[in-house]
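The values are calculated or read from the model by the stated rules, or taken from the named source; none is laboratory data. Predicted model, so just to flag it, every value in this text is computed and none were measured. Don't worry about glycine lacking a Cβ; one is built from the backbone with ideal geometry, like all the others, and counts go over all protein chains shown.
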Amino acid sequence: MAKKVLKEHIINKDWCKGCGICVFFCPKNVLELDKEGKVFASRPKDCICCKQCELMCPDFAIEIEVQ
Amino acid sequence: MAFKDYIRERFFPHIWCPGCGHGMVLKGMLKAVEKLGIDKNNIVMVSGIGCSARITGYVDFHTLHTIHGRALAFATGVKISRPELCLIVPMGDGDALAIGGNHFIHACRRNIDITAVIMNNRIYGMTGGQYSPLSGIGKYASTAPYSTIENKFDIVKLAETAGASFVARTTTYHIREMIDILCMAISNKGFSVVEIFSQCPTYFGRKNELKTPTDMLNYFKDNTTPIGSKVKEANPELIERGVFINSSMPEYCEEYDKIVAKAKKNTEV
Amino acid sequence: MKRNVKFVQGNEACVEGALYAGLDFFAGYPITPSTEIAEHLSERLPIKGGKFIQMEDEIASMCAIIGASLTGKKVMTATSGPGFSLKQEALGYAIMAEIPCVIVNVQRGGPSTGNPTHVSQGDVNQARWGSHGDYAIVVMTASTIQDVFEVTIRAFNIAETYRTPVILLFDEIIGHMREKLILPEPGEIPLVERMRTSVKSGVDYHPYLPREDGRLPMSDFGGKHRYNVTGLFHDMWGFPSTKPEIVHGLLRHLNDKIINYAESICMYKEFELEDAEIIFISYGASARTVLHTVKNRRKAGEKVGFIELQTLWPFPYNIIRRKCANARHVIVVEMNMGQLTRTVKNAVEDHRKVFLMNRIDGLLITVSDIRNILRMLQGKGV
């Protein structure tokens, strides 16, 4: 099976509460919290599309779209 | 159907605190329903009172938000009346096992086809962090400022002894396992109990040296182990996860159908 | 035509009435003196394809009938004093969520375990005010076995019409006494079926948006509309709300939908009121003694009359005020410390003419009990 390639991190900032679960459990250290405490993808190139963040986010605030 | 089609989006963001495990349980449930491909119109979700109970507001099923501890009794009435419907009853640990303890053991005993999901965060969150029957000894809570002295229930053993035909335990950290277990539980024809350790960083964590959601998730990772693993021999304190009971037993509604047949036959004579 | 006549207990007449009304689901828990209702329904319901379940307690029984009612079934539970106390929280839920259901309370002596095998009418005010918060409720009773049957059918009709719990407040004597019951043919007594919504699938359905007349067309759980039901104050979709206008509107609706129809809900019987100087007001088992006494006193030429209440709540204030306007004395006969007497005092123009004649010892009020108070009021001495 072809390796998944990231298209985009779809982040719903209105729903994100900045708990940091996605940041902590990302195996490639792709995500960070911004000044307002909301998540953003600071190193999207490193993303391996494992979707751990999408699965664990308690707030349904992050989705991984693959190409 | 995308699993987001199962939520009532207009009520998001949900009311739970940052990092609360209940959102993860909600996601696990929806993923399980999506995987099983159950029609939204065939699912009735019944909840009680507490943080856990607010889950029914967020799902696009037939939803019944009831009174504290009695969700299983309401669900029993729905199920017996419409046995073809799929009944899912998410409950908190206080909801299910303190005020609702009696209904819980009797629902197990009847083996009625309902899936009970106990979102165990070991605390009463909605009212501000009082200890629950699942807190265990030596924990701090807003009603246990000098620490708790009460033993906790073992939900798995309780459900097993009371007669549930499917009993499992998992955690929010192990969300993939949670989805698989929920699929099995919902598919089981009988009373299914799934205990899910769910983090309450706001009240349980803060008072018990697990200050962040990730601390709590790591606690679940470090303190649990799959059933029968070798690690448990070395460290007996570890709590086992997985499916403890998955057996085929007479289900209440099916047995009642036989009673109806018997009653009708008797009157014909 | 040969009538279908039975010789039955009040509790059995209640069962017959419920089945005639179309009962589909019963959940209960054994408690004296109501248990026969559960016993008979455990036998009768499955024959017609209905469901009976004995739950783990009275709370669970109340909850189970609410769940069953939501799926569109006609439901009932039966209990007595202590069990009725246990049901109060879930009863409040049924009021808030507007779930049609019938709750039978065959009264025994209280408080607490009290006097399980003896009669009392001590739950009259609990039936009205037992659950917390402001609400209106319908409470009905009967004094003969035939009336138990008919009032039970009416309870179902009112529950379905107004989407409300209806309480059947019988007592130990009525529950256990045997009398003739004439069973009508199907169709003789009209039955009310629940009003279902005509909103089509896929169209926005407002489960909690009452029509102008206060009625609320329903979609059954498991049907084409998915919606939320909660005991919290809720908007027209059934979702929790704390908006002041929504809280106010819902609380008004819950009360108005009953109170505005009080006159058509209330049932009573009257005897010899036209020229009555002394009017008795009673209900349930005590009404039997009153009726007997009034008939005998009339034969002796005494101007006495009688109102038998079959609906206790909503209380027929206007009716009682009108009927008692010309009476010199109003005597309320009941087996409690005057629970309805206080309400009658509020209803009549001059509360000083209202007296209580009661017994609270677990025994039925006798003819001589009533004769004694009559003689006193007539200035004949005791």
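Evaluating B:Gly50 against the criteria (1) outside any helix (DSSP H, G or I); (2) small (Gly, Ala, Ser); (3) more than 17 Å from the chain's Cα centre (by Cα) leaves one unmet condition, (3). Considering the stretch B:78-87, and only residues there that are of a type in the set (A, V, I, L, M, F, W, C) and within 20 Å of C:Glu56 (Cα to Cα), the residue that is farthest from the other protein chains (Cβ to nearest Cβ) turns out to be B:Leu87. The one condition from (1) of a type in the set (Asp, Glu); (2) buried (at least 24 other Cβ atoms within 10 Å of the Cβ); (3) more than 14 Å from chain B (Cβ to nearest Cβ) that C:Asp134 does not meet is (2).
One line per residue, one yes/no per condition, for (1) aromatic (Phe, Trp, Tyr); (2) surrounded by 20 or more Cβ atoms within 10 Å (Cβ to Cβ); (3) more than 30 Å from B:Asp39 (Cβ to Cβ):
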{"site": "B:Asn188", "(1), (2), (3)": "no, yes, no"}
{"site": "B:Val194", "(1), (2), (3)": "no, yes, no"}
{"site": "B:Phe197", "(1), (2), (3)": "yes, yes, yes"}
{"site": "B:Thr212", "(1), (2), (3)": "no, no, yes"}
{"site": "B:Phe220", "(1), (2), (3)": "yes, yes, yes"}
{"site": "B:Thr224", "(1), (2), (3)": "no, yes, yes"}
{"site": "B:Ala234", "(1), (2), (3)": "no, no, yes"}
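For the residues B:Ile38, B:Ile55, the requirement of being modelled with pLDDT of 95 or more and either part of a loop (DSSP other than H, G, I, E, B) or hydroxyl-bearing (Ser, Thr, Tyr) (or both) singles out B:Ile38. Scanning the stretch B:136-164 for residues that are in contact with a strand residue (DSSP E or B) (Cβ under 8 Å, 6 or more places away or on another chain), assigned to a loop (DSSP other than H, G, I, E, B) and touching a residue at least 24 places away in the same chain (Cβ under 8 Å) yields a total of 3.
Please enumerate the residues belonging to the stretch C:42-70 that are more than 7 Å from chain B (Cβ to nearest Cβ) and either farther than 14 Å from B:Lys258 by Cα or not aliphatic (A, V, I, L, M) (or both). Steps first, answer last, please.
Step one: list which residues in the stretch C:42-70 are more than 7 Å from chain B (Cβ to nearest Cβ), which gives C:42-45, C:48, C:50, C:52, C:54, C:58, C:61-62, C:69.
Scanning the stretch C:42-70 gives C:Ser42, C:Glu43, C:Arg44, C:Lys48, C:Gly50, C:Phe52, C:Gln54, C:Glu58, C:Ser61, C:Met62, C:Ser69.
Within the stretch C:33-87, the set of residues being among the basic types (Lys, Arg) and in contact with a Pro (Cβ under 7 Å, 6 or more places away or on another chain) is empty. Checking each residue in the stretch B:18-52 for being closer than 17 Å to B:Gly94 by Cβ and at the interface with another protein chain (Cβ under 8 Å from one of its Cβ atoms) picks out B:Cys20, B:Gly21, B:His22, B:Val46.
Number of residues in the stretch B:53-77 that are at the interface with chain C (Cβ under 7 Å from one of its Cβ atoms) and among the charged types (D, E, K, R) equals 2. Here C:Tyr135, C:Tyr162, C:Tyr208 are screened, and the one residue that is at pLDDT 95 or above, over 30 Å from C:Arg342 (Cβ atoms) and among the hydroxyl-bearing types (Ser, Thr, Tyr) is C:Tyr208.
Just for strands (runs of 3 or more DSSP E) wholly inside the stretch C:7-117: which have at least 1 residues that are under 18 Å from C:Tyr162 (Cα atoms)?
Values: elements: C:25-28, C:51-54, C:75-79, C:101-107.
Hits in the stretch C:7-117: C:75-79, C:101-107.
If you scan the stretch A:26-50, which residues turn out to be farther than 15 Å from A:Lys7 by Cα, more than 10 Å from the chain's Cα centre (by Cα) and not acidic (Asp, Glu)? Within the stretch A:26-50, A:Pro27, A:Lys28, A:Leu33, A:Lys35, A:Gly37, A:Lys38 qualify.
Of all the criteria given as (1) touching a residue at least 60 places away in the same chain (Cβ under 8 Å); (2) over 22 Å from C:Thr152 (Cβ atoms); (3) within 14 Å of chain B (Cβ to nearest Cβ), the one not satisfied by C:Ile95 is (2).
Taking the stated definitions as given, is C:Met76 crowded, with 22+ Cβ neighbours inside 10 Å and farther than 22 Å from C:Asn125 by Cβ? So C:Met76 passes the test. In the set B:Lys232, B:Lys221, B:Lys262, only one residue is touching a helix residue (DSSP H, G or I) at 6+ places or on another chain (Cβ under 9 Å) and part of a helix (DSSP H, G or I); that residue is B:Lys262.
Kindly indicate which of B:Val167, B:Val89 is under 14 Å from the mean Cα position of the chain (by Cα), within 24 Å of B:Gly57 (Cα to Cα) and not in a helix (DSSP H, G or I). Explain how you work it out, then say what you get.
Details: B:Val167 fails: within 24 Å of B:Gly57 (Cα to Cα).
Going through B:Val167, B:Val89 in turn, just one is under 14 Å from the mean Cα position of the chain (by Cα), within 24 Å of B:Gly57 (Cα to Cα) and not in a helix (DSSP H, G or I): B:Val89.
Evaluated against (1) at pLDDT 95 or above; (2) of a type outside the set (Asp, Glu); (3) within 26 Å of B:Phe197 (Cα to Cα), B:Tyr252 falls short on exactly one condition, (3).
Taking the criterion of being out of contact with any Lys or Arg (no Cβ under 9 Å at 6 or more places or on another chain), touching a residue at least 24 places away in the same chain (Cβ under 8 Å) and within 14 Å of chain B (Cβ to nearest Cβ), would at least one residue in the stretch A:37-52 satisfy it? Yes. Scan the stretch C:71-92 residue by residue and report those that are of a type in the set (Val, Ile, Thr) and within 12 Å of chain B (Cβ to nearest Cβ). Result: C:Thr71, C:Val75, C:Thr77. Only a single item in (1) within 14 Å of chain C (Cβ to nearest Cβ); (2) out of contact with any strand residue (DSSP E or B) (no Cβ under 9 Å at 6 or more places or on another chain) is not met by B:Lys230, and it is number (1). Where strands (runs of 3 or more DSSP E) fall wholly inside chain A, no range has 2 or more residues that are in contact with a helix residue (DSSP H, G or I) (Cβ under 8 Å, 6 or more places away or on another chain) and among the small types (Gly, Ala, Ser).
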